[in-house]
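The structure appears right after this line, and notes come after that.
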Amino acid sequence: MSDPLSSLLATRDWLLADGATGTTLFNMGLQSGDAPELWNVDHPDRITQLYKGAVDAGSDLFLTNTFGGTAARLKLHDAQTRVFELNKAGAAIGRELADSTNRPVIVAGSVGPTGEIMAPMGALTHEIAVEMFHEQAEGLKAGGADVLWVETISAPEEYKAAAEAAKLADMPFCGTMSFDTAGRTMMGVTSAAMATLVERLDHKPIAFGANCGVGASDLLRTVLGFRAAGTERPVIAKGNAGIPKYVDGHIHYDGTPELMARYAVLARDVGATIIGGCCGTTPDHLRQMRRALEETPRGACPSLEQIAAELGGFSSDADGTEAGGGPVRERRGRRRARA
């Protein structure tokens, strides 16, 4: 337990992660199609505000503004030669804020997917993927990130490449996948398959889990799948704040702070240790989540019926854990505003 995240986990039975990066930056004026990572050097004050919003709301951990920080993603903005610079800057802003806070706060270096298809289905080889992730990891390390945070991954090959890059950089890491197609990632990975994958890695994550996807109910069903697989590793749950809707020219997520607070408690009770939000999750949501986690006693593991009744029905009949991949009976409950 030489790294700060493992040390903090040893003293707590849950940690509150942060919320949405993109949602907050768009509210600050980021335009569709712009590279958020450029703001790490062009508008560092706004990135400080982004991080501070989560910390002030009670987050024990926040992700850096480096989700698209690989050369593959930055190439879309003619910034592929600035990988180290932009990642270091994003982490350094976070390091300064965390060090000025009067409680332990973890700076997690966000590492998103490359946007390329891995071989043999695509042209991105394992070696090139490792090289790209390693370049990003070294920038985040130089900026002072405590841990690498690999997120929104769909392909097991890309997850493995990111894990290898973390090892090359001598950095601990956490890693989540996005389960959005009948309990599977876009590339077909189930919760059980991911639980098996992380234990077979040479460089294993401190914690693993799910983020984004299609809603809080589905994400908690995936967490139940991790636990059913028998994992004892800390599990991450970062669900979206509702369902996206196009309102007045902008994407709006309809999950209320009150409902995200209930999601946070249910996430803890289904077995998640690191709990946060993804798209649409604001500091207002995080404050309610923190309060609920502190004030609500731990309960029994909720059933699928209870999850559906409190957070809304599931998006599909299949949950990715059923034998043979066939459909299972959908558990539906009364619908409230989705979280």
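Annotations for the structure displayed:
- Some residue of region 42-52 being over 29 Å from Arg291 (Cβ atoms), out of contact with any Cys (no Cβ under 6 Å at 6 or more places or on another chain) and either outside any loop (DSSP other than H, G, I, E, B) or among the acidic types (Asp, Glu) (or both): yes
- Region 260-315, residues that are open to solvent by less than 40 Å² (accessible area, probe 1.4 Å), among the small types (Gly, Ala, Ser) and within 25 Å of Arg233 (Cβ to Cβ): Ala264, Ala267, Gly271, Ala272, Gly276, Gly277, Ala292, Gly299
- Scanning region 159-194 for residues that are in a helix (DSSP H, G or I) and open to solvent by less than 10 Å² (accessible area, probe 1.4 Å) yields Tyr159, Ala161, Ala162, Ala163, Ala165, Ala166, Ser191, Met194.
- Within the option set Ala241, Ala237, being of a type in the set (A, V, I, L, M), in a strand (DSSP E or B) and in contact with a helix residue (DSSP H, G or I) (Cβ under 6 Å, 6 or more places away or on another chain) holds for one residue only, Ala237.
- Unique residue being of a type outside the set (A, V, I, L, M, F, W, C) and more than 19 Å from Lys204 (Cβ to Cβ) when the list is Gly183, Gly109, Gly175: Gly183
- Answer from Asp248, Asp319, Asp254 - the residue that is surrounded by 21 or more Cβ atoms within 10 Å (Cβ to Cβ), of a type outside the set (Lys, Arg) and modelled with pLDDT under 95: Asp319
- Considering residues of region 1-27 that are at pLDDT below 95 and loosely packed, with under 13 Cβ neighbours inside 10 Å only, the residue farthest from Gly94 (Cα to Cα): Met1
- Scanning region 94-108 for residues that are β-branched (Val, Ile, Thr) and surrounded by fewer than 21 Cβ atoms within 10 Å (Cβ to Cβ) gives a single hit, Thr101.
- Any hit, region 79-100, residues being over 16 Å from Ala145 (Cβ atoms) and either touching a Cys at 6+ places or on another chain (Cβ under 9 Å) or touching a residue at least 40 places away in the same chain (Cβ under 8 Å) (or both): yes
The values are calculated or read from the model by the stated rules, or taken from the named source; none is laboratory data. Source: prediction; values computed, not measured. With ideal geometry, Cβ positions are generated from the backbone for all residues, glycine too; neighbour counts draw on all protein chains shown. When the accessible area is computed, the model is the full protein with side chains, heavy atoms only, and any ligands, DNA or RNA have been set aside. Shrake-Rupley method; radii C 1.70, N 1.55, O 1.52, S 1.80 Å.
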